[in-house]
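Single-structure report; data block below.
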Amino acid sequence: MNATPRPAVIVLAAGQGKRFLGAGHKLEQALGDSTVLGRTLALALASQLRVVVVCSEPLAAGVRGSVAARDVVVLSPERAAQGMGRSIAAGVEAAADASGWLILPGDMPLLRPDTLRRVAARLDTDPVVFAQYRGRRGHPVGFSQELYSELIALQGDEGARRLLARYAAHPVDVDDPGVLLDVDTVDDLARAKATDSQPGALL
């Protein structure tokens with residue numbers, strides 16, 4: 001007997017991270033006893049949802065140490081250059097049998113696993129949902145199976161904004177400030193490190 005399909009988490013890790021002006025790729029920066037991407041993957045896996053990672057070749061070896069090989073989608077530099085939309089499409093297509101998809105940037109290392117589960121559960125009733133903390137919109141953004149054909153057609157740097165503009169998106173209120181913190185800059189990384197060593201610093 002086949003298990004009931006569940007939403008999958010699509011971790012986006014194929015971007016160049018051009019706003020990060022420190023040494024090396026932002027996703028490979030140390031955070032605690034891991035890296036920014038390593039921590040994001042760990043929390044995604046802890047949600048017990050299927051995790052698909054869309055990444056570049058330089059990051060693939062490290063990702064394969066955490067995620068099943070079938071769930072690692074490696075984009076060529078040319079495909080990665082087509083923008084976030086291409087990454088989302090590739091991840092959704094790789095998990096076509098899921099009941100929905102949570103789009104999670106690879107630079108969200110402080111988000112809580114339960115937040116992913118709560119957003120995933122909301123896809124049972126709403127086609128587009130997002131995590132919200134104290135009235136502020138954050139990640140992940142979730143899409144139900146009915147939007148599959150539109151998701152796999154995405155291209156460009158706008159990501160899924162076109163879908164968010166077309167469909168009413170419903171907030172899922174969570175007590176998780178980590179939904180707001182992505183590591184785009186050196187200052188963001190410093191803030192993540194400070195918060196990691198002092199829980200509650202984002203409050």
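Put in line by how crowded their Cβ is, counting other Cβ atoms within 10 Å and starting with the fewest, THR4, THR40, THR185 read THR4, THR185, THR40.
Could you size up the charge dipole of the range 68-170 around its Cα centre, putting +1 on the beta carbon of Lys and Arg and -1 on that of Asp and Glu, and report it in debye to the nearest 20?
On the way: 13 positive and 12 negative charges, 92 e Å.
Once rounded to the nearest 20, the dipole reads 440 debye.
Would you mind checking the range 129-170 for residues with the amide N under 11 Å from a putative spin-label position 7 Å along Cα→C-beta of LYS18? Residues 157 qualify, since their backbone N sits under 11 Å from the label point. Placing +1 on the Cβ of every Lys and Arg and -1 on the Cβ of every Asp and Glu, with nothing else charged, gives the chain a dipole about its Cα centre of roughly 100 debye.
So, counting K/R as plus one and D/E as minus one, what does the shell of residues with Cβ under 14 Å around ALA121 add up to? Surrounding charge for ALA121 is 0.
Between GLU150 and SER76, the modelled labels are 3.0 nm apart [label points 7 Å from Cα along Cα→Cβ]. At ARG136 and ALA168, where each label point lies 7 Å from the Cα along Cα→Cβ, what is the point-to-point distance in nanometres? With each label placed 7 Å out from Cα toward Cβ, I get 2.7 nm. In loop segments of the range 107-203 as defined by DSSP, the trypsin sites (Lys or Arg not before Pro) with at most 15 further C-beta atoms inside 10 Å of their C-beta are ARG134.
Could you tally the net charge around ASP157, taking each other residue with its Cβ under 12 Å from the Cβ of ASP157, Lys/Arg +1 and Asp/Glu -1?
Values: positive: LYS18, ARG86, ARG161, ARG162; negative: GLU158.
Here the count lands on +3.
Rounded to the nearest 20, the Cβ-based charge dipole of the range 32-114 about its Cα centre (Lys and Arg +1, Asp and Glu -1) stands at 40 debye.
With helices as the sole contributors, the chain gives -9000 deg cm²/dmol at 222 nm; each DSSP H run of n ≥ 4 counts as -39500 (n - 2.57), and the sum is divided by every residue.
The radius of gyration of the Cα set in the range 46-171, together with its Dmax, comes out at 14.1, 39 angstrom. Modelled spin-label separation between GLU158 and SER197, with each label point placed 7 Å from Cα along the Cα-to-Cβ direction: 4.3 nm. In order along the range 99-107, the phi-based Karplus estimate (6.51 cos²θ - 1.76 cosθ + 1.60, θ = phi - 60°) of 3J(HN,Hα) comes to 8, x, 9, 9, 8, 10, x, x, 10 Hz; Gly and Pro are listed as x.
By its C-alpha gyration tensor, with a ≥ b ≥ c as the square roots of the eigenvalues, how is the range 1-87 shaped: rounded for a/c under 1.5, else prolate for a/b larger than b/c, else oblate? Taking the square roots of the gyration eigenvalues as a ≥ b ≥ c, the range 1-87 is oblate.
The fraction of all Cα pairs in the range 133-194 landing in successive 10 Å bins from 0 to the largest distance is 17, 39, 33, 11, 0, given as whole percents. Between the range 16-91 and the range 119-177, what is the C-alpha centre distance in whole Å? With the range 16-91 and the range 119-177 each reduced to a Cα centre, they are spaced 20 Å.
Read the figures in this text as sums done on the coordinates, not as results from a lab. Just so it is clear, the structure is predicted and the values come from calculations on it, not from any experiment. No Cβ is skipped: glycine too gets one built from the backbone with ideal geometry, and neighbour counts run over all protein chains shown.
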